[in-house]
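What follows is a set of notes on a single structure, which appears directly below.
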Amino acid sequence: MIVLFTDFGLEGPYTGQMKAVLHREAPGVPVIDLFADAPRQNPRASAYLLAAYGAWFPAGTVLVCVIDPGVGGARRALILEADGRLYVGPDNGLFELVWRRAAAARVFEITWRPEQLSASFHGRDLFAPVAARLARGERPAAELLSPELIRRADWPDDLAEIVYVDRYGNALTGLRAARLPADAVLIAAGRRIARARTFSDTPPGTPLWYENSNGLAEIAVNLGRADEALGLETGSKIEIAA
Amino acid sequence: MIVLFTDFGLEGPYTGQMKAVLHREAPGVPVIDLFADAPRQNPRASAYLLAAYGAWFPAGTVLVCVIDPGVGGARRALILEADGRLYVGPDNGLFELVWRRAAAARVFEITWRPEQLSASFHGRDLFAPVAARLARGERPAAELLSPELIRRADWPDDLAEIVYVDRYGNALTGLRAARLPADAVLIAAGRRIARARTFSDTPPGTPLWYENSNGLAEIAVNLGRADEALGLETGSKIEIAA
Amino acid sequence: MIVLFTDFGLEGPYTGQMKAVLHREAPGVPVIDLFADAPRQNPRASAYLLAAYGAWFPAGTVLVCVIDPGVGGARRALILEADGRLYVGPDNGLFELVWRRAAAARVFEITWRPEQLSASFHGRDLFAPVAARLARGERPAAELLSPELIRRADWPDDLAEIVYVDRYGNALTGLRAARLPADAVLIAAGRRIARARTFSDTPPGTPLWYENSNGLAEIAVNLGRADEALGLETGSKIEIAA
C-alpha cells in the first residue's frame, strides 16, 4: 500500500498527477489519501501529525510525504526506513519525529533522478516514482546518510500546538495523550480544559480534551466547534497544567 | 462495490483510514466516495439524502454510512439489508427512510467487536471491517432485531428542508419530486418557485425547481447560485404550495 | 487510464456516481481525478487548463471532461481524438485548445444514448459510459464531424487571464511560458511581475512568475499567497509587457 501525506489538496492537479504516476509505475498497488491538507508549508507541525498517523499503518507500507516549501532549492530528497515502513520525502524535518520514535531506523539520500525534473513539483517527478519503485520491491539509487545530517534535535518530543483542525472543528494537538498525566489540564486561549473519555461524556457546549483514535490529545466541544468556541487554528499554542 | 456515505471529508485522515481498512480487508473491491460531506452531525437530514442516493446503486452494493454524533455512547451498530443492498452504520435514524421505502428489509445489530475499538472512530474500527466482511460475502456476528427498536416513526415521508447545497449553489430538498403535484410551487425564503424541466429552460437569474438526477426536488437559479440568491443552507425550511 | 476533469468537486455525489459507472463498466481501469475544481461553469477558462494538463498524459488515456453549463439543452456530445488521447465531453469550446495544439485530431458527435438520460447529469449518464467503452477499446456510436462545427476560432492561442488558483494561493494563467519572451514582465492588479526560475529564488513577500510544472506561466509570492497579495482570482485579467 502507498499512502499520501501532503498539503496538496485533492481537487486540484497535484494529487491526481502523483496518483497517475503511482498507478502507471506500480500498477495494482492501492493508493490511500491519508492527509491532503497537512499543515500548509509547515514541515514542523506536519512532523508531529505524520509520526502519530503514519505509525498506524503496518510494516511494508510506503508513505509519500510532501510538505515541501523548499522545493527547487538545495534540500536533500530522503528515504527513511523506520520500523519496516518506508517514508519518502524532502529533508526539512518532516521525518524528525518518526525517526525519534522508531525502534529501528535508517535514512538514505535519494540520488536517482528522473529524465525530467520540474523545479516546482518533485512530488510528481521524484518522490512518486521513487515510492512506486519501493512499492514494487526495488531500490532506487540512494546512499546511506549519517542521521545527524537530517536531525532537528532542538524540536520537542511533543508539540504543545494545534497541528490540525478537522471538519467538525476539533483541534488536534501535537501532544501524545499517553505522555500526559491522567489529570492533565490543557490551557488553550486562556481556557482550562479537562480530560474526558469522549465528547459525549461532557455537557453540551463545554470544551474538553481526550485521546483521539491515533493517540493525540484533541480538543473538542460537545455538540459544538472547538475551533470557533476557543479561537483555535493550526499553530495556536497550548499550555499544559498539572 | 463498497460505497462511503459520511460527513468525514476526504482531505483529512478519516476517509483515508477507512479506505486503508477496506483495501486491506477486502482487496480488489472498488471503494466509491458517494458523499463525504453529508449533513454534518445530522442523521435526520442525512437519512433523506441517503435514501435518495443509495437506491441508485445495484443490489449487492455495501454502503458504509457514518454520520455518528453519538459515537462512544450507547447507540447500537447496525446492518440494514434492504432490497439486496447492505447498509452498515449507527442506530440514530440514518436508515429510517431507506427502511421505509424498501420493498423488503431486515435489520441486524452488529455484535462482532474488533480487538481494538477506539471511543471516537467506529467508522474505521467497527463499520469498515464489517463492511469489508460483507463485501467478501461473509457475515460478521450480528443479531436480527425487531424493526420497532430502530424506527423513527414520527419522521415525515419526505422532508421539506434543504438537505444539501452543492458546489454550484443548488439546494437539494428532502422532497421526492415524483410525490409533488406537477404544478407544485415551492416557497423558500419567502419566494415562490415554479417547476422547470431543467435550469436552462428558465431566464437567467430566476429561481426554479426541478427533479434532479436522483429524484429529489432541487432549487436552482439559472446562471446563478440559489444558496446566495435565496439565503439557503442545509436545514432551511421549505413550504409546498399547491 | 481514465482521467476526470470537471467542476463537480469530490465530496458531493457527482464524482462518486461517475466513478461508480466507470468501475462497473470498465472494471480494473484506474480512474484519476485531475481537476474536480476546474473553473466553474466556465468552458473557456477550462479549455486552457485542459490543454496544458491533458497533454501530460500518455497516448491511450481517456479524459472525461465535464464543464457543462448547457447540460439539458441542445449542445452536442463529443469525442475528440487528439494525438492518441480521447477526450469525451460537451461541445461548448472546452476542447478548442486541445484541438488547436494537436498534431493530429478528429472529432466525433456521440449518437449513442443510454436507456435513461437525466436532464441534468450527462456526466454520469452519457459521458462516463462512453468513456468506459472507449477505455475497453470499444467504439460507441458516433459520427465524424466537420471540425468547423465545433471550433471557437475567435478565442486566443493563449489566455491572458487567471484560470486557476491553487491551495497555496498561486495563480495560474492561461499563458504558455514557452511562448513568452524570456524577460517578459506580467502585469497583474497594476503590479509589474518579473520572471524567476522558482519562488525560492525571490525575496520573501515578492511577487514573481515562473513556468510551472505543466508549462503555464504561474504567479506566486515567495512565502506568501499571490491571490491575497495581488487580489487575483479565476478570471482576473493579466497584461504582458515586453
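All conditions in (1) in a loop (DSSP other than H, G, I, E, B); (2) within 16 Å of the chain's Cα centre (by Cα) hold for residue B:32, with the sole exception of (1). Within the stretch A:96-110, the set of residues being open to solvent by 30 Å² or more (accessible area, probe 1.4 Å) and either in contact with a strand residue (DSSP E or B) (Cβ under 6 Å, 6 or more places away or on another chain) or assigned to a strand (DSSP E or B) (or both) comprises A:99, A:105, A:106, A:109.
Does residue C:27 meet the test of being open to solvent by 10 Å² or more (accessible area, probe 1.4 Å), under 22 Å from residue B:34 (Cα atoms) and either within 10 Å of chain B (Cβ to nearest Cβ) or not in a helix (DSSP H, G or I) (or both)? Steps first, please.
Details: open to solvent by 10 Å² or more (accessible area, probe 1.4 Å): yes; under 22 Å from residue B:34 (Cα atoms): yes; either within 10 Å of chain B (Cβ to nearest Cβ) or not in a helix (DSSP H, G or I) (or both): yes.
Answer is yes for this residue.
State all residues of the stretch B:81-90 that are among the aliphatic types (A, V, I, L, M) and either open to solvent by 10 Å² or more (accessible area, probe 1.4 Å) or touching a residue at least 60 places away in the same chain (Cβ under 8 Å) (or both); if no residue qualifies, say none. B:86, the sole residue that qualifies. Across the stretch C:52-68, the number of residues qualifying as open to solvent by less than 30 Å² (accessible area, probe 1.4 Å) and outside any strand (DSSP E or B) comes to 7.
Scanning the stretch C:198-241 for residues that are in a helix (DSSP H, G or I) and more than 10 Å from every other protein chain (Cβ to nearest Cβ) returns C:226, C:227, C:228, C:229, C:230.
From B:72, B:93, B:16, B:9, which residue is modelled with pLDDT under 95 and either open to solvent by 40 Å² or more (accessible area, probe 1.4 Å) or under 29 Å from residue A:224 (Cβ atoms) (or both)?
Values: B:93 fails: modelled with pLDDT under 95; B:16 fails: modelled with pLDDT under 95; B:9 fails: modelled with pLDDT under 95.
Exactly one residue qualifies, and that residue is B:72.
When the stretch B:114-128 is limited to residues that are free of Cβ contacts under 8 Å to residues at least 60 places away in the same chain and away from chain A (no Cβ under 11 Å), the one that is nearest to residue B:72 (Cα to Cα) turns out to be B:126. Just to be sure before I move on: is residue A:139 outside any loop (DSSP other than H, G, I, E, B) and open to solvent by 30 Å² or more (accessible area, probe 1.4 Å) in the structure I sent? It is false that residue A:139 is outside any loop (DSSP other than H, G, I, E, B) and open to solvent by 30 Å² or more (accessible area, probe 1.4 Å). The single condition from (1) at pLDDT 95 or above; (2) open to solvent by 10 Å² or more (accessible area, probe 1.4 Å); (3) more than 14 Å from chain B (Cβ to nearest Cβ) that residue A:173 fails is (2).
Kindly indicate whether residue A:47 is surrounded by 20 or more Cβ atoms within 10 Å (Cβ to Cβ), closer than 24 Å to residue A:166 by Cα, within 11 Å of chain B (Cβ to nearest Cβ) and among the small types (Gly, Ala, Ser). Spelling it out, it is not the case that residue A:47 is surrounded by 20 or more Cβ atoms within 10 Å (Cβ to Cβ), closer than 24 Å to residue A:166 by Cα, within 11 Å of chain B (Cβ to nearest Cβ) and among the small types (Gly, Ala, Ser).
Considering only the stretch C:35-44, state which residues are in a loop (DSSP other than H, G, I, E, B) and either surrounded by fewer than 24 Cβ atoms within 10 Å (Cβ to Cβ) or out of contact with any Cys (no Cβ under 9 Å at 6 or more places or on another chain) (or both). Break it down stepwise before answering.
Just the residues of the stretch C:35-44 that are in a loop (DSSP other than H, G, I, E, B), to begin with: C:36-42.
Hits for the stretch C:35-44 are C:36, C:37, C:39, C:40, C:41, C:42.
Evaluation of residue B:68 against the conditions (1) within 14 Å of chain A (Cβ to nearest Cβ); (2) in contact with a Ser or Thr (Cβ under 6 Å, 6 or more places away or on another chain); (3) under 24 Å from residue B:175 (Cα atoms) shows that the sole unmet condition is (2).
The values are calculated or read from the model by the stated rules, or taken from the named source; none is laboratory data. Bear in mind that the values here come from a model prediction, so they are computed numbers and not experimental data. Note that each Cβ is placed from the backbone with ideal geometry, even for glycine, and that neighbours are counted across all protein chains shown. Side chains are part of the model used for accessible areas, which takes the heavy atoms of the whole protein and leaves out ligands, DNA and RNA. Shrake-Rupley method; radii C 1.70, N 1.55, O 1.52, S 1.80 Å.
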